[in-house]
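First up is the structure itself, then whatever we jot down about it.
What follows draws every value from the coordinates through simple rules; no lab data is involved. None of these values were measured; they are calculated from a predicted model. Neighbour counts run over all protein chains shown; Cβ positions are idealised from the backbone, glycine included.
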Amino acid sequence: MSTMHAPVTLTIDGRPITVSEGTTIWEAARQLGIDIPVLCHDPRLPPVAVCRVCAVEVKGARVAQAACIRRVEAGMEVRTHTDQLTRVRRMLVELLLADHPIPCAKHEKNRDCALELLGEQYGLLPVSSGERERTRAAAPAPHQSRGRLHDRGGTIRVRPRVLEDGHDLSSPVIAVDHHACILCDRCIRGCDEIQNNEVIGRTGKGAQTRIGFDLNLPMGQSTCVSCGECAAVCPTGALMHKPLTIDVPLSETKAVDSVCPYCGVGCAITYHVKDNTIVQVSGRESPVNHGRLCVKGRYGFDYALHPQRLTVPLIRRAEFYPKGPLSKDVRGEDGRWQRKPGGIVDYAEVLPAFREASWEEALDLVASRLKQIKDRYGPGALAGFGSAKCSNEEAYLFQKLVRAVFGTNNVDHCTRLCHASSVAALQETIGSGAVSNVFADIQYADVAIVIGSNTTENHPVAATFFKQAAKRGTTLIVIDPRRPALADHAHYYISYKPGTDVAFLNGLMHVIIAEGLIDADFIARRTENFAALQETVKHYTPEVVEKLTGVPAEQVRTIARVYGRAKNAMIFWGMGISQHTTGTDNARCLISLCLMTGNIGRPGTGLHPLRGQNNVQGASDSGLIPMVYTDYQRVDTPQVREKFEKAWGVALDPKPGLTVVEITHGALHGTIKGMYMMGENPFLSDPNINKVRKALANLEFLVVQDIFLTETAEFADVILPAASFPEKEGTYTNTDRRVQIGRKAIDPPGQARPDWQIICEIATRMGYPMHYHSPEEIFRELVSLSPNLAGLSYAKLGTSGELWPCPDPHAPGQSVLFTDSFPKGKGKFVPAEFMPAKELPDAEFPFVLNTGRVLEHWHTGTMTRRAKALDAIEPEPFVEIHPEDLSTLGLQDGDWVRVSSRRGTIVLKVRSGNRTQKGSVFIPFHFREAAANLLTLDELDPYGKIPEFKFCAVKVEKVREQEDLAAASAA
Amino acid sequence: MAVQFSQETYRQFEEVLTHYPTKRAALLPTFWLAQEEFGYLSPEVMEYIAQLLDLSPAYVAAVASFYTMFDKEPKGKFHLQVCTNLSCTLVGAQQIVECLEQKLGIKLGETTPDGKFSLSEVECLGSCGTAPVLQLNTGDYYENLTPERVTQLVEELAKQA
């Protein structure tokens, strides 16, 4: 929605141009193809005009004007290149060069220091030839040249800035050289205005001025979150990305446009590649991220190049049967803890149990064993876990394999552990599980609720837009028992007792109804069952809610009024809502809140469950769900099944299959005999993993397909080496429903193959020939069977993807859904009563355990713990405990503690943190050596079948250093 | 919270807030209150002020470091602030500085080990007619300085301490 601006006509260097009001001279000149030099300006940043090299002459003006900031005016006559301007610019550049190392690190490496390029242009520096080696030899060593400038054959002397130590290498990802800094403010604005982190400032005055981090700390000790935006906008060598793989100039690399492999935001990136190695990742302009990235996206790419990548198919040796865990720490008895440094699977312990095999042998073995199980026990004894990390094409083929070849609907993936409850509620109430509005719509919202989402760590780039919106006038309400960093930017922050979400949300609805803030017209026209909801929430007066949740009654009223009175209000939620046994109820309440106020169908309104994995939306769209084929078409609807039977040429099972946790239970009880695991690692990701271990060991046949040896692979009969994200092509669908193409940047190592090719091979060997030439061909088949994807093609997706639904192939996809109606017609209110969590704290287990993620790591850490920078920033597991609870327990920050639940025990270090409530503890689930999911409860939400990851009872005990740690090292 | 305003100072702080349209604008007067209460603007104090005014620590540090009159480290009981701006320098501010450095055994920017004296160089004190000039703490000016006069001053102050 662009605001209309009046056109303004002016002339630049004698050439007329018409631009909209508010355009700067610099931008107008750029449109004419006139290049005005800049140092401090970057089109993504608000202009500040501190460097002045963009000086231009405006007729009638007393002095030269800064083109980057001066707005155009009608009839303005601008001259951009005159002798006078050249003298001005030359002088400015000369002064800046006076204390700039020549060459600075950026110029030495890439020859693209903006200042030195201008110096060369104005004859202040010898122009180096294109060849890097010669430049390096010709240029004086850094610092020797400081204070001396080449000038008309002579030299001038300027007193250099005095900086005692200008080098700061404390950050794992960014090298700071204050000597090369020209104080252009780009990094400060990048940090403040683009990423909204506000870590960088200027300190000192006069010649001593330099950029500073927080209270002028070394960068690595500051609150910097290593997003790298400052280094991306820095025009000189002051802030440089440290090389993570090979150190070569970008000019020698090949650029491959792709998307980020981590979270559901789906940022557009460019891989810079040389010699089959990713050298660097940059943010790319797209409607999703506008060039922004977070630490994982920018610096977490080197996992693909890790020497531990699987490169050959592996078959378990005969002497390692009967199957069991291979790692020492996993072999420990139930409930016993061991501590092991390093975290990731110890190859030396696991690999000897396997022998290398040819693809032929491995694939034949997989096909024959799976077929054998099917023949002996029936199709229902087989199951498959796909992955939300794989592409749409791979998800589609995987579920096709399980359904058409295995003959069962026992196919699921990690969506079950993430938004299954949200989707169940959305399907039931409005008939579509996808988001109604894209996340960037927050800029049009008067009020936004972010509930149960630690957005700055889990969807960091989306969070930058939330923070920006809050700054620009959207009233931001953050609701979460554990205070997320986003709360620092919120107008209201509400914390309640864990697990009382339904009570609080019912309280909001009670007030909204009681105070007449509902949209009666919308309720009448577009919804049903409102009376039932009214009946239920009647009892949830703010006073009752205060007793249940701990939120003061007056606060309940305030939030209800702020949301209820908003013209346009939007709701975002994450795992804090969905990962409960009441997950579906939680989501139902949010949907009711939205429906009763008519906040849907317009920009800046609606419901947005923030998707976790990069392709969890797409994997679900592609049918990687036990009850539905692609596009949520139910397997138990006869017409639908007929359509797929016809398309796939086989009879299909009419019975919905088992979900993730049900399949694990099936394996444990012997009903599931054989499994195909593509890119999933339930060993760490699923609740109560002691049980998962037993279940996996119990399988007759398990094939694991992955890029590394995972915890799960220890239990495998066959391990197949897959290509990683940058090694293959495919489409991925982000949280906004935007389908984007991930392009192949490098070749897979050794014999590793793309997942889609492996699936085809297995299907073919099991008697169902499956042949595709490219992912694009698979995508066409997927689209042909999925009404909501109609209109999409690789050509249409282009470089920045396309939103589904996209009914008109000549227009963009729809960013706002349900403008006139819902897929199921009328939206349905489904009331929910508050129910306490399944396992409440008691005298023996007095704390509530909450699990989640940290910024630097991804799920089970398979990728991020092998990314050097990410592992360096956050190398070890921890349990976060409120400082008051710490002192009650007689603990100090950094102590080792034992955390136990009824299901298991782990040992890890304690971190004092007041983000966690008193009486609660928080443990990230990424870390194998202290796996949070040894503790969690595998109770399921009855509708979404999602486990209770966010609530179980635990106790915390201090580890007696001597005996316990000795026991650990002995084990 | 490690540092916190006393009740009385907090009351003054709240009063200061009413003078300005935004919290940010109250930063300099808040620095004065803090310097008065805590002696100098330590990192903890700057963090505290950042929280009070909803500013980033980086911004608070940036402003604090710009103004020489806000102390970022503890100062001695007697803080001798010598103007070395143009007028004072023309009539011998350098000699005044050298004399003080010698007498006190410290360099510009330092504090004597006994915590009695700090010596700083400051920008124009607005008294060019009586140059060279120094200011003691935030109070009196000592004008038309000569090496003898400052030697005498230091001796007098040493006795008071």
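Annotations for the structure displayed:
- Note on the protein assembly as shown: with charges restricted to the Cβ of Lys and Arg (+1) and Asp and Glu (-1), its dipole about the Cα centre is near 1580 debye.
- Our note on the geometry: Cα centres of region A:537-576 and region A:192-208, 38 Å apart.
- Whether region A:250-305 is rounded, prolate or oblate, judged on the alpha carbon gyration tensor where a/c under 1.5 counts as rounded: oblate
- The three principal axes of the Cα atoms in region B:98-161 give end-to-end lengths of 34, 22, 21 Å, sorted in falling order.
- Compared with the alpha-carbon gap, the fully stretched path from B:Arg24 to B:Leu108 is longer by 27.0 nm at 0.36 nm per residue.
- Sequence of A:Cys224, B:Cys99, A:Cys294 once ranked by neighbouring C-beta atoms within 10 Å, starting from the fewest: B:Cys99, A:Cys224, A:Cys294
- With Cα atoms defining each centre, region A:732-758 and region A:852-897 are spaced 30 Å apart in the structure.
- Once the Cβ-Cβ distance of A:Gln121 and B:Glu44 is raised to the sixth power relative to R0 = 45 Å, the FRET efficiency obtained is 0.40.
- Shown here for region A:246-329: trypsin sites (Lys or Arg not before Pro) in loop regions (DSSP other than H, G, I, E, B) with at most 15 other Cβ atoms within 10 Å, namely A:Arg317.
- Computed E for B:Glu36/A:Glu73 - FRET, C-beta separation, R0 45 angstrom, nearest 0.05: 0.35
- Among A:Val176, A:Cys760, A:Leu889 - extreme Cα towards positive end, dipole of the protein assembly as shown, charges at beta-carbon: A:Cys760
- The residue among A:Thr223, A:Ser620, A:Ala425 whose Cα reaches farthest toward the positive pole of the charge dipole of chain A, with charges on the beta-carbon of Lys, Arg, Asp and Glu, is A:Thr223.
- For region A:523-607, the list of trypsin sites (Lys or Arg not before Pro) that fall in a loop by DSSP and count at most 15 other C-beta atoms within 10 angstrom reads A:Lys538, A:Lys567.
- By other beta-carbon atoms within 10 Å, ranking A:Arg865, A:Arg483 with the fewest at the front produces A:Arg483, A:Arg865.
- Against the rule of thumb 2.2 N^0.38 Å, how large the Cα Rg of region A:7-81 comes out: 0.98
- Residues A:His167 and A:Gln892, FRET efficiency given R0 of 25 Å [Cβ-Cβ distance, rounded to 0.05]: 0.15
- Nearest-ten-degree value, helix A:660-669 long axis tilted from longest Cα axis of chain A: 40 degrees
- Assuming charge only on the beta carbon of Lys and Arg (+1) and of Asp and Glu (-1), the dipole of region A:847-970 about its Cα centre is about 240 debye to the nearest 20.
- As a proxy for reagent exposure, ranking A:Glu761, B:Glu143 by other Cβ atoms within 10 Å from fewest up yields B:Glu143, A:Glu761.
- Centroid-to-centroid separation of region B:131-148 and region A:359-438 [C-alpha atoms, Å]: 84 Å
- At q = 0.05, 0.08, 0.10 Å⁻¹, base-10 log of I(q)/I(0) for chain A (Debye sum, equal scatterers on each alpha carbon): -0.32, -0.82, -1.24
- For region A:407-420, backbone phi angles converted through the Karplus equation (6.51, -1.76, 1.60; θ = phi - 60°) give residue-by-residue couplings of x, 9, 9, 6, 9, 8, 7, 5, 4, 4, 9, 10, 10, 4 Hz, Gly and Pro being listed as x.
- For a modelled paramagnetic label at B:Thr68, 7 Å from Cα along Cα-to-Cβ, the residues of region B:112-128 in reach, with backbone nitrogen under 17 Å, are B:118-128.
- A DSSP coil position with no more than 12 other Cβ atoms inside 10 Å describes the following trypsin sites (Lys or Arg not before Pro) in region A:1-60: A:Lys59.
- In this rough spin-label picture, where each label sits 7 Å from Cα along the Cβ direction, the A:Thr799-A:Asp247 distance is 3.1 nm.
- With contributions of -39500 (n - 2.57) from each DSSP H run of at least four residues, the per-residue ellipticity at 222 nm computed over the protein assembly as shown stands at -8500 deg cm²/dmol.
- Between A:Ala647 and A:Glu884, the contour length at 0.36 nm per residue exceeds the alpha carbon distance by 79.1 nm.
- Amide H contacts of A:Glu939: A:Glu948, each under 5 Å away and 5 or more positions distant or on a separate chain (H built 1.01 Å from N in the peptide plane; Pro and chain starts excluded).
- Of A:Leu115, A:Asn458, A:Ile373, farthest towards positive along the dipole that unit charges on Lys, Arg, Asp, Glu beta carbons give the protein assembly as shown: A:Ile373
- Residues of region A:908-952 with amide N under 19 Å of a point placed 7 Å along Cα→Cβ from A:Ala843: none
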